[in-house]
1. Tell me, A:Asp278, B:Asp42, A:Asp172 in order of fewest to most beta-carbon neighbours within 10 Å?
2. Quickly work out the A:Leu221-to-A:Val178 label distance, labels modelled 7 Å from Cα along the C-beta direction, and quote it in nm with one decimal.
3. Rank A:Ile95, A:Pro440, B:Leu117 by how far each Cα sits towards the positive end of the charge dipole of the protein assembly as shown (+1 on Lys, Arg Cβ; -1 on Asp, Glu Cβ) and give me just the farthest.
4. By DSSP, what percent of the beta bridges with both residues in the protein assembly as shown are antiparallel, rounded to the nearest 5?
5. For the protein assembly as shown, please report how many Lys pairs fall under 29 Å Cα to Cα, leaving out neighbours fewer than 8 apart on the same chain.
6. With the contact rule set at Cα under 8 Å and sequence spacing of 6 or more, what percent relative contact order holds for chain A?
7. Check which residues have an amide H placed less than 5 Å from B:Leu50's amide H, if you skip close sequence neighbours.
8. So what's the angle, to the nearest 10 degrees on a 0 to 90 scale, between helix A:296-314 and the longest Cα principal axis of chain A?
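Here, each number is a calculation from the coordinates, and none is a lab measurement. All figures in this text were calculated on a predicted structure; none of them were measured in a lab. Positions of Cβ are generated from backbone atoms using ideal geometry, with glycine treated the same way; all protein chains shown enter the neighbour counts.
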Amino acid sequence: MMPLTQHPLLAQLLRRVGASEFEAPTPDAWRELLKLLSQLYYESDHDRDTLERSIENSSRDMQQLYQDLKQRTENERVEQEAIMRATLDSAIEGIMIVDNKRQVIAVNKRFAEMTRLPESELRQRDQRALAAVAVKSVKTSGSSVLVRINGMQSTDGTLRDEIELLDGSVIDWVSAPVRTPDGTQVARVSFFRDITAERHAHQQLEQAREAAEAASKAKSLFLANISHELRTPLTAVIGLADLLLLERDPLVDRQREYLEGIASSGRHLLALVNDVLDLAKIEAGKQELNLRSVAVHEVIEEGLTAISPLANARGVALEPATRNEVPTVRADRVRLRQILYNLISNAVKFTDRGGVVRVRAHLNGDRVAIAVIDTGVGIAAADLSRLYRSFEQLTLPSGDRPGGTGLGLALTKRLVEMHGGTIDVESELGVGTTFTVRIPVG
Amino acid sequence: MARILVVEDDLWSRRLVFELLVLRGHDVLCAAGVSDGRAQLDSVRFDAVLLDINIPGGGGELLLQEIREYNTVIPVIAFTASAMAGDRERFLAEGFTGHLSKPIDVKSFGETVESYLRPPA
């Protein structure tokens, strides 16, 4: 039998009202069916309505949500930007960020202050145009900063310049590429550090040092010149006095004594002038050493021979160095003799009648140590620090000042140091003093 | 005995050198500067010249140059108060025969000057 309807839903509804799809419904069943249909229709309409409304609601919610999210993101972005900006602005360095086309993306306050241009004007400008209006000169041009990578020298694109701005301030400018993690360069960030004060301080220091050096040199040169000039009239003073002393015509004792006084004072003055000249030459850097291999014992003997008249007159015995084997030293023979002469004559002057002055030489590492040993009055510990100062002469226990210029030790120390050597002193009051100079072997 | 020209601008140094050389029996003439010395050299034949460097009229080196233009053998001795290291070498390189530095030793001065008068060995 053919069903009344092929429609499954209608068949289902027919069964619900007690009818069947295989026979025509009764009028009651038909009414029931219509009622059911009407109810179903109503229900479905209601559901659709609910659905529509719920869709509408959720759509509104989502919109709201979207708006909220959008707002929140915007807030966060604004907040982050504010933090970023505050960070940039709190930097003591001027900062400028440019994109790959060298258009300025961002600058900080400090940069605006440095360039004296308003921030608004700085943004979106070309870096070169900006440089043209703000930079007076580039002192060093684009020197690439080398960065050490795995022990190899390599440049990472960091550049360093020293520039001068229009207001005269000097800026250390370091710029580095900004890269994404995959290495693509997206921008370049520049840091500007004001080093005007540093440079200024450095410059002033340099100028002060130069001025001091020039003054010192001028002083030394003046001393050298004046010493030179003083020697000429002294030549006549000493020479004429000596000449008169050589005269065959007898002089009365007083005349001879006075003449000797003139000649001796002239020699003292000359010694002083020579020492001042030597010191001045050393300080002006004009003293040159004629370095050769020098036999130490020969120079010691020359020094002892030169000083023997003074030693004899003072009753001090000179004990020459035993001729042990010592290597030659690298020295200026004339100056080494001067060094030893100064030390030996000092030893004699500060040693009482009956005392002894000895000279010893021995190899000491890569130097020859030459010791001048006396049995003299000794030097108080407090006086040791004054020893090498110019014009500071120690007095004898009697209160007398020994002969000499007061420059001898200052000069001796300088000369020893010019040889690359050292000078040391050991002393005990009433026992004696030992000066030891050490001159490099050569 | 030799005829010696002393060119020295300091009066008493000049006088001292004059006396010392005369004492040794030499014939000594003096000049105080370059032009003075030049005039003497033009009119008298000398055996030696003692020449101060720091003299008016261009300095001793100028006068030496003039002398060396016509006479390469006459002993010309630099006589100077300068005692810088290397001076002697410089003077010899410039054509001086020798160098005497001030102040002089009265006792040995004459002999030292005479050592330059002997013909070179």
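1. B:Asp42, A:Asp172, A:Asp278
2. About 5.7 nm, to one decimal.
3. The residue sitting farthest along the positive end of the dipole is B:Leu117.
4. Counting only bridges with both partners in the protein assembly as shown, antiparallel ones make up about 75 percent.
5. Eligible lysine pairs with Cα atoms under 29 Å apart amount to 22.
6. That works out to 8 percent.
7. B:Leu5, B:Val6, B:Val7, B:Ile77
8. Around 50 degrees separate the two axes.
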